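Below: the structure, in structure tokens.
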Amino acid sequence: MRKLDKWKFIGDNGEFKVENIDQSTYLYFPLANEAEMMSAITPRLHGDIKTGQNTFAMRPVSLEDLHNTKSARNFWLKINDQHVWSAAGNSAAQFSNQFSDEAEEDVELEAGLLWHKITRSNSKLNVQSEITNFVPTNSDTVELMRVKIKNTGAEELKIEPTAAVPIYGRSADNLRDHRHVTSLLHRTKTIESGVVVKPTLSFDERGHKQNEVSYAVLGGDENGKAPAGFFPVLEDYIGDGGNLEWPEAVVKSLDNYLAAGEEIDGYETVGALRFDEVTLKAGEEISYVLAVAIAEEDIDFDQLAAKYCSGDKFEKYLTENRDYWQQKLAVVDFDSADQEFDQWMKWVTLQPILRRIYGCSFLPSHDYGRGGRGWRDLWQDCLALLLMEPEPVSDLLYNNFSGVRIDGSNATIIGSEPGEFKADRNDIKRVWMDHGAWPLLTTKLYIDQSGDLEFLLKEQSYFEAGSELKDKNDEIYQGSVIEHFLVQHLTHFFDVGEHNNFLLKNGDWNDGLDMAENKGESVAFTALYGSNLLELAELLKALAAEKSIEKIDLAEELSILLDTIERDFNYQSVDYKREVLSDYRRTCKQGISGRKIEITLTDLISDLESKGQSIFDHLNKNEWIETEAGDKFYNGYYDDDGQRLEGDHPKGVRMTLTGQVFPVMAGAADEDQIQQVVDSADKYLKDLSVGGYRLNTDFKELKTNLGRLFGFAYGHKENGAMFSHMAVMYSNALYKQGFAEAGHKVIDYIYQHCRDFDTSRTYPGIPEYINQRGRGMYPYLTGSASWLLLTVVTQIFGVRGELGNLIIDPKLLKSHFDDQGEAAVKTIFADKLLNITYLNTNQLEAAEYQVQEVKINGQAVGFENKSRAAVIERSLIADSGEEELKIEVVLS
Ligand code: G1P
């Protein structure tokens, strides 16, 4: 096998190039717009195109469908009446040549934000194709594809072009549910510019509906001239005995194509468009533009073709597309000594936006789910969006609180409209015990960036049975954001297992820990809740001080959980905690009264502090473990038999990364402990063949008393892969506690692994995980991107808010600075674009420097020194008349 070169960046906006791209099978690339057109495309132009679960223009694909041609865009040439050649590489002949030593074709990918270009050159036939695909950034749901054909030889080439895109035109559910029957619904028409299908019904045995959605494949040559005719019926196009890799209509140059204005009902459809035969002189080039469109209502598809299907129109929208994404991402930019890393980060920055568009369902690896994304994903993607587009995100955050239930759980599937929540995937009611913890993290970031403490006082409703919770008087009940936080945290605080950690329930962050519903405990997330309680107390102190607020109103029922106020409490006792919780549940079961009580902030703060501190004490006393070999780290879990998961075991020491991340991030671990965690993780979890720190050691056991993940082969996904999300959170936790070098290593291992394309086989960007063979899996749609962006901006470059003021606290290593000792970051803060340049002329390491001087637009400004960070008054930024500020920071 040929060794594949690394991808190479070729521009300033993430544009990259990969040679011999056809030597890799499982790659795909996203093409999308914010009107929810979602495509996936491979180097052979396979992949699907859809706007949602029920509207797939091309047949839905999972990873293993990526190498078949049923979902492939194709463009055929019959050359000189004898050779059949697919410009996309999808002919039987091209596949049969794939492993020969004498490659006839060179195939190269170039891609950027968000376009995909494949150049394929055939040295025997002297022909080259260059195919560019993208989705325009306006509100049209169409994917465009330009095919340029060039005669690279000395002789004339006569070509007969046929474009062919199979149209699936229905719901993903119909892949197995009545695949054939649903083709009988197809009403297929030929129009001037192409083939249109509008099924009569949207097929669903629970209740068929009249269908309104149409699908079309349209085309024109570079001057916009329409095709000569069409082969819209798939079985006619491939012919008896043929297939999509050797279609009769092309191979035999059939000329019985249909003209515009025909209608054929009840067959599988293909957008097969025959163009006029042309002769290309030596060096001459010709191009065609195709559009695959989905329309929710009746539209004039010929008009749509006129809008897009010609050379200059294509170019215009392509330029618009590049500008759009470039601008969208221009709000964050890095300039470090490693320019390649900076470019790689462009793709990471794009990823949270991609997950907002695709949810966790609509790219080939994510072949589960029916759209939308989960609760924790939603909140974590907001972390990145807060750095990129702060304005709409505050509304989004506010709306999201309406998904919280009064029992502390929440709706699990998020719809596409703000505040639209659905109860459960596949109608299975499950409670993930980590869900209550994420909103506070995100809201804290929002408040720190904006200073908007009043957000905490906003009133919001609660979720109940698909709508808003009502009180006993049948009125919609509302409580403040603070109250929502209390409900989320306190219900878990008292819901402990035998070992006094929060119950694991149906899982935590790790979806794979789903078989320990009774006795399982997540120590890891107990730590996160613990630090949240303390963070909330800090926010309330700031609220009290800055807004002169002494008391707030809370649901009467909550007084049961605020037990330190006026009652004796005993947090060492599991029985005590469970009793308090059953008291609360009993009360809520009868319906919420709607009555409020007044609580002083002082009492509330002290209650939260007692609770948070009791957790930290417990963790360090009971969950800090030592192995026989003398290695120390935290235990992260208990299984459903109430057995501790980590530490010595006859099958080898057991350790999880998750168990370490949260106590470190929380600040429960002291410096010594953090160093011991780092040493243990290096010893038991680090493996550079998979990009760094694995999620867990090999338990060599199918632990049916803990979760499905033990059924996965070791080294895959949640069973011990390098799982980017947890690894990046580990890095974040280390940076946060001042362990810059250790934190840097975690990210660097991932990055170095990914850029070794021959091993990682993943395009720029961070994949969800690296599998046992070192492959990057589940690219694009992963929460690790948000955390990585957050870590690079707020920890490594150290630019973040603190209750509205600007903190500058870089933890850049010496190696991050260029030869002049400079490193720069661009980010938004207080609605201004900050261009921050660090000057480290003495080339010092992170531990050796501190902010000495800060100049804003050339003027030195005063700042307060808080340990090593510089705190700059918000007004110095916000009140500046300019949109963009230049900030120079001298480090020494
Ligand atoms: C995915 C899921 C996330 C879950 C994680 C671990 O992570 O989206 O909800 O917590 O697996 O099971 P991601 O792809 O976001 O990194």
Calculated P(r) tail over 16 Å for the stretch 1-99, as whole % of Cα pairs: 65 percent
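Where does the charge balance sit around Ala35 when Lys and Arg score +1, Asp and Glu -1, over other residues with C-beta under 11 Å from its C-beta? Walk me through the intermediate numbers first.
Values: positive: none; negative: Glu34, Glu36, Asp140, Glu296.
Charge balance near Ala35 sits at -4.
Give the residue list of trypsin sites (Lys or Arg not before Pro) in the stretch 129-182 that are DSSP loop and have at most 16 other beta-carbon atoms within 10 angstrom. Mind dumping the intermediate values first?
Working: sites: Arg146, Lys148, Lys150, Lys158, Arg170, Arg176, Arg179; in loops: Arg176.
Counting only loop positions with at most 16 other Cβ atoms within 10 Å, the trypsin sites (Lys or Arg not before Pro) in the stretch 129-182 are Arg176.
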Per-selection metrics, the stretch 251-390 (Cα): Rg and Dmax in Å: 21.8, 62
Size of electric dipole in the stretch 464-620: Cβ of Lys, Arg +1 and of Asp, Glu -1, about Cα centre, debye, nearest 20: 160 debye
So Asp300 and Thr837, fully extended at 0.36 nm per residue minus their Cα-Cα distance, gain in nm 188.1 nm
Least to most buried among Arg376, Arg773, Arg206, Arg73 (fewest other Cβ within 10 Å first): Arg206, Arg773, Arg376, Arg73
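From the gyration tensor of the Cα coordinates in the chain, what semi-axes in whole Å does the equivalent ellipsoid have, largest first, with each one equal to sqrt(5λ)? Mind showing how you got there, number by number?
Details: eigenvalues 519, 197, 144 Å².
Values for the chain, descending: 51, 31, 27 Å.
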Among Phe275, Phe341, Ile299, pick out the residue whose Cα is farthest towards the positive end of the charge dipole of the stretch 268-387, where Lys and Arg carry +1 and Asp and Glu carry -1 on C-beta, about the Cα centre. Phe341
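With a/c under 1.5 counting as rounded, go ahead and sort the stretch 517-613 into rounded, prolate or oblate using the C-alpha gyration tensor (a ≥ b ≥ c being the square roots of the eigenvalues; past the cut-off, prolate if a/b is larger than b/c, else oblate).
Numbers: a/c = 1.96, a/b = 1.22, b/c = 1.60.
Oblate, because a/c is 1.5 or more while a/b does not exceed b/c.
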Put +1 on the Cβ of each Lys and Arg and -1 on the Cβ of each Asp and Glu in the chain; which of Tyr638, Gln94, Thr658 then has its Cα farthest toward the positive end of the dipole? Gln94
Among the GluC sites (Glu not before Pro) within the stretch 496-594, which fall in a DSSP loop and have no more than 11 other Cβ atoms within 10 Å of their own Cβ? Glu498, Glu550, Glu566
Give, in nm to one decimal, the length gained when the segment between Arg567 and Lys547 is fully stretched (0.36 nm per residue of separation minus the Cα-Cα distance). 4.3 nm
Place a label point 7 angstrom from the Cα of Asp471 along the Cα-to-Cβ direction, then list the residues of the stretch 595-620 whose backbone nitrogen is under 11 Å away. 595-597
Pairwise centroid distance, computed over Cα atoms, of the stretch 476-550 with the stretch 101-164, Å: 54 Å
For the residues Phe863, Phe662, what sequence is obtained by ranking on other C-beta atoms within 10 Å, fewest first? Phe863, Phe662
Spatial separation of Cα centroids for the stretch 452-471 and the stretch 68-85, in angstrom: 57 Å
Just flag the GluC sites (Glu not before Pro) in the stretch 138-225 sitting in loop per DSSP whose Cβ has no more than 11 other Cβ atoms within 10 Å. Glu155, Glu205
What are the radius of gyration and Dmax of the stretch 66-153, computed over its Cα atoms and given in Å? 14.2, 47
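Nothing charged except the Cβ atoms of Lys and Arg (+1) and of Asp and Glu (-1): what's the magnitude of the dipole of the chain about its Cα centre? Round to the nearest 20 debye.
Numbers: 92 positive and 146 negative charges, 252 e Å.
Value, rounded to 20: 1200 debye.
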Specify whether the C-alpha gyration tensor of the stretch 765-824 places it in the rounded, prolate or oblate class, a ≥ b ≥ c being the square roots of the eigenvalues: rounded for a/c under 1.5, otherwise prolate if a/b is larger than b/c and oblate if not. oblate
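With 10 angstrom as the radius, rank Asp474, Asp173, Asp140 by how many other C-beta atoms surround their C-beta, starting from the fewest.
Details: Asp474 9, Asp173 16, Asp140 21.
Ascending number of Cβ neighbours within 10 Å: Asp474, Asp173, Asp140.
Please compute the contact order of the chain in relative form: average sequence separation of alpha-carbon pairs under 8 Å and at least six residues apart, divided by the residue count, as a percent. Could the numbers behind the result be given before it?
On the way: 2063 pairs, mean separation 86.1, N = 892.
It comes to 10 percent, rounded to a whole number.
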Name the residue farthest towards the positive end of the dipole of the chain from the options Gln820, Val890, His366, assuming +1 on Cβ of Lys and Arg, -1 on Cβ of Asp and Glu, about the Cα centre. His366
Is the C-alpha gyration tensor of the stretch 247-299 telling us rounded, prolate or oblate? Criteria: a/c under 1.5 is rounded; beyond that, a/b larger than b/c is prolate, otherwise oblate. oblate
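Rule-based calculations on the coordinates, nothing more; no lab input. All values reported here derive from a predicted model rather than from experimental measurement. Methodologically, a virtual Cβ is constructed for each residue, glycine included, from the backbone with ideal geometry; neighbour enumeration extends over all protein chains shown.
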